[in-house]
Amino acid sequence: MSTVVIIGSQWGDEGKGKIVDYLAQQAETVVRSQGGSNAGHTVAVNGEEYKLRLLPSGILYKGTHNVIANGVAVDPETMLQEMDAMEARGIDVSGIRLSDRAQVVLPYHRLMDGIGDEKLGENKIGTTHRGIGPCYVDRDNRIGIRVCDLMDPDEFARKLKFNLELKNKELQLLYDHEPLSYDEIYKEYMGYAERLRPYVCDTIALLDEEIKADRKILFEGAQATMLDIDYGTYPYVTASHPVSGGVTVGAGVAPNKIGKVVGVVKAYCTRVGEGPFPTEQLNEIGDRIRDAGHEYGTVTGRPRRTGWLDAFVVRYAGILSGIDYMAVTRLDILDGFDEIKMCTGYRYKGEMLPGVPASLKVLAEVEPVYETLPGWKEDISGIRNYEDLPENAKNYLRRMSEVTGIKLGIVSVGPNRDQTIVLAHDIF
Ligand code: GDP
Ligand code: IMO
Ligand code: MG
């Protein structure tokens with residue numbers, strides 16, 4: 001089967017965009033199936049950087065299909081801005097296909113995401129303020145507006161009127177905010193509708209056809225396992241399912257049509273926003289990792305929290321998503337450390353836990369159990385063969401694979417396409 005799912009195994013920003021872009025050299029179609037413009041995927045090609053939020057990372061290859069499937073919360077404004085920015089750089093966007101079932105992000109979603117999160121005070125989640133959570137809330141409350149509605153002016157008018165009456169009450173009563181104008185939103189969104197219309201289609205039928213024709217398809221995960229609405233550090237999570245199972249409902253592809261799953265693993269850990277992070281290093285080690293890795297958010301520019309690799313979390317991601325191969329990224333950022341630590345499990349009240357605990361109270365109290373491994377002094381960013389990596393780097397990767405129980409498939413030593421070492425030749 002020629003379908004490969006790429007997921008994030010930690011708290012996001014593992015380098016999914018880079019790995020998708022690398023594998024997209026062979027792919028014919030790249031699909032986003034959950035999340036929205038809360039994602040920020042950076043792809044570097046010949047030293048040029050492309051920052052993608054909604055558009056699949058396959059966009060950089062002419063002739064690929066880039067599908068935004070039904071599970072995505074689509075902000076039409078961001079999508080069109082991204083398309084314009086790509087076209088201005090000479091990138092062909094004609095391969096984009098937008099699902100008629102995808103949910104539409106509206107201005108009140110973005111607004112409520114921002115003020116709603118701030119209102120939580122010390123309990124705030126630290127969302128990206130892109131309106132993703134509120135958009136999914138409307139979907140689950142069955143008042144969402146879908147792309148098929150946006151394409152139908154009467155239906156859009158009817159649903160927007162109904163929703164805006166509710167949202168304006170909420171804005172005034174709960175948030176002391178002035179009401180939003182129906183006319184303005186209607187006009188703005190009808191403009192987006194006309195521009196997006198040529199790209200809208202039944203992506204379920206399209207993907208079914210492509211799978212039957214054995215086309216090579218990549219599913220590009222956004223966010224990550226520890227941000228999953230059920231499996232992550234709830235409530236400090238996103239509002240969708242970034243685990244591999246999310247692909248089947250988010251793209252309308254049955255589980256038995258998924259070939260391989262690749263889990264992207266950053267060689268250390270980062271997290272943006274609030275919530276527990278057991279291996280966080282609030283010290284000079286954390287600062288050193290942040291400086292070496294330029295760890296600042298793509299979407300919000302916030303400094304990312306940094307810490308040692310939590311291999312226990314990666315093992316959990318492997319269980320939840322059935323990861324066949326790890327793609328380890330940013331190994332080069334660890335160059336020069338005398339010692340590198342890896343968390344292999346959590347101890348709680350003297351006992352080793354069998355898995356990542358559900359309770360945040362427990363998670364806050366666990367003691368990460370570390371193994372200390374020797375580092376390497378060499379600059380590895382120019383290495384292209386696994387054998388040429390320093391012994392201590394290979395040892396670190398081997399230990400990662402042993403602790404997580406997941407095979408090593410790819411090692412990335414820099415942001416560019418050629419800075420990629422492939423060990424698994426059966427990913428597609
Ligand atoms: P994503 O959200 O998972 O796609 O990850 P982001 O794009 O938010 O963050 C990953 C960053 O690391 C991007 O700037 C990538 O260009 C960069 N990157 C990816 N792989 C490597 C690598 O192996 N080494 C280095 N130095 N940078 C990398
Ligand atoms: P990529 O795809 C890292 C985090 C936010 C916040 C929480 C909820 O680039 O890995 P949301 O706006 O989704 O409701 O915010 O999730 N978050 C991410 N962190 N990478 C991402 O995406 C993220 N998308 C959301 O910081 O803590
Ligand atoms: Mg990112």
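The values are calculated or read from the model by the stated rules, or taken from the named source; none is laboratory data. This is a predicted model, so every value here is computed, not measured. Every residue, glycine among them, receives a Cβ derived from its backbone with ideal geometry; neighbour counts consider all protein chains shown.
Of all residues in region 86-127 being assigned to a helix (DSSP H, G or I), at pLDDT 95 or above and more than 30 Å from Asp183 (Cβ to Cβ), which is farthest from the chain's Cα centre (by Cα)? For region 86-127, the residue satisfying everything is Ala88. Within region 28-65, if we keep just the residues that are within 24 Å of His241 (Cβ to Cβ) and more than 16 Å from the chain's Cα centre (by Cα), the residue that is nearest to ligand 3 (Cβ to nearest atom) turns out to be Ile59. Restricting attention to region 44-66, the residues that are crowded, with 24+ Cβ neighbours inside 10 Å, assigned to a strand (DSSP E or B) and within 10 Å of ligand 1 (Cβ to nearest atom) total 1.
Identify, please: which residue in region 291-313 is in contact (Cβ under 8 Å) with a residue 12 or more places away in the chain and among the aromatic types (Phe, Trp, Tyr) and is, among those, farthest from ligand 3 (Cβ to nearest atom)? So the residue we want is Phe312.
Residues in region 202-224 that are within 16 Å of ligand 1 (Cβ to nearest atom) and either outside the structural domain of Thr29 (by TED's automatic domain parsing) or part of a strand (DSSP E or B) (or both): Leu218, Phe219, Glu220. Looking at Glu210, Glu155, Glu188, just one residue is in contact with a His (Cβ under 9 Å, 6 or more places away or on another chain), surrounded by 13 or more Cβ atoms within 10 Å (Cβ to Cβ) and acidic (Asp, Glu), and that residue is Glu210. Residues in region 217-259 that are more than 18 Å from Val67 (Cα to Cα) and of a type in the set (A, V, I, L, M): Ala224, Met226, Leu227, Ile229, Val237, Ala239, Val243. Just give me the residues in region 319-331 being in contact with a Gly (Cβ under 6 Å, 6 or more places away or on another chain) and either part of a helix (DSSP H, G or I) or of a type in the set (Phe, Trp, Tyr) (or both), in sequence order. Within region 319-331, just Tyr325 meets the criteria.
Would you please name the residue that is farthest from Gln10 (Cα to Cα), looking only at residues in region 303-319 that are within 16 Å of ligand 2 (Cβ to nearest atom) and touching a helix residue (DSSP H, G or I) at 6+ places or on another chain (Cβ under 8 Å)?
Applying the first criterion (within 16 Å of ligand 2 (Cβ to nearest atom)) to region 303-319 yields 303-307, 310, 313-314, 317.
Okay, now just the ones that are also touching a helix residue (DSSP H, G or I) at 6+ places or on another chain (Cβ under 8 Å), so 303-307, 313-314, 317.
On the way: Pro303: 17, Arg304: 13, Arg305: 13, Thr306: 12, Gly307: 12, Val313: 7, Val314: 7, Ala317: 8 Å.
Ranking the qualifying residues of region 303-319, first place goes to Pro303.
Name the single residue, out of those in region 324-341 being of a type in the set (Val, Ile, Thr) and within 16 Å of the chain's Cα centre (by Cα), that is farthest from Val261 (Cα to Cα).
As a first pass, look at region 324-341 and keep what is of a type in the set (Val, Ile, Thr): 328-329, 333, 340.
Now restrict to residues that are within 16 Å of the chain's Cα centre (by Cα): 328-329.
Numbers: Val328: 14, Thr329: 16 Å.
The selected residue is Thr329.
Hey, among the residues in region 291-321 that are surrounded by fewer than 18 Cβ atoms within 10 Å (Cβ to Cβ) and more than 13 Å from ligand 1 (Cβ to nearest atom), which one's modelled with the lowest pLDDT? Only one residue tops the list, namely Pro303. For region 385-421, a residue qualifies if it is within 13 Å of ligand 1 (Cβ to nearest atom) and either closer than 21 Å to Ala24 by Cα or among the acidic types (Asp, Glu) (or both), and the qualifying residues are Ile410, Val411, Ser412, Val413, Gly414, Pro415, Asn416, Arg417, Asp418, Gln419, Thr420, Ile421.
Would you be able to say whether some residue in region 91-112 is within 15 Å of ligand 2 (Cβ to nearest atom) and of a type in the set (Asp, Glu)? No; the residues of region 91-112 include none that is within 15 Å of ligand 2 (Cβ to nearest atom) and of a type in the set (Asp, Glu). Within region 280-302, the residues that satisfy the criterion of being out of contact with any helix residue (DSSP H, G or I) (no Cβ under 8 Å at 6 or more places or on another chain), part of a loop (DSSP other than H, G, I, E, B) and away from ligand 2 (no atom under 11 Å from the Cβ) are Leu282, Asn283, His294, Gly301. Within region 1-22, being surrounded by fewer than 24 Cβ atoms within 10 Å (Cβ to Cβ) and in a helix (DSSP H, G or I) holds for one residue alone: Tyr22. Across region 260-274, the number of residues qualifying as among the small types (Gly, Ala, Ser) and modelled with pLDDT of 95 or more comes to 2.
Evaluation of Tyr370 against the conditions (1) closer than 25 Å to Glu280 by Cα; (2) out of contact with any strand residue (DSSP E or B) (no Cβ under 6 Å at 6 or more places or on another chain) shows that the sole unmet condition is (2). Kindly check whether there is at least one residue in region 26-39 that is surrounded by fewer than 24 Cβ atoms within 10 Å (Cβ to Cβ) and within 15 Å of ligand 1 (Cβ to nearest atom). The answer is no, given that none of the residues of region 26-39 is surrounded by fewer than 24 Cβ atoms within 10 Å (Cβ to Cβ) and within 15 Å of ligand 1 (Cβ to nearest atom).
Selection of region 322-359 for residues being within 30 Å of Gln419 (Cβ to Cβ), surrounded by fewer than 23 Cβ atoms within 10 Å (Cβ to Cβ) and among the small types (Gly, Ala, Ser) yields Gly322, Gly336.
Let me confirm something: among Tyr236, Tyr316, Tyr231, which residue is touching a residue at least 60 places away in the same chain (Cβ under 8 Å), more than 30 Å from Cys201 (Cβ to Cβ), assigned to a helix (DSSP H, G or I) and among the hydroxyl-bearing types (Ser, Thr, Tyr)? Before the answer, list the steps.
Values: Tyr236 fails: assigned to a helix (DSSP H, G or I); Tyr231 fails: assigned to a helix (DSSP H, G or I).
Result of the check over Tyr236, Tyr316, Tyr231: Tyr316.
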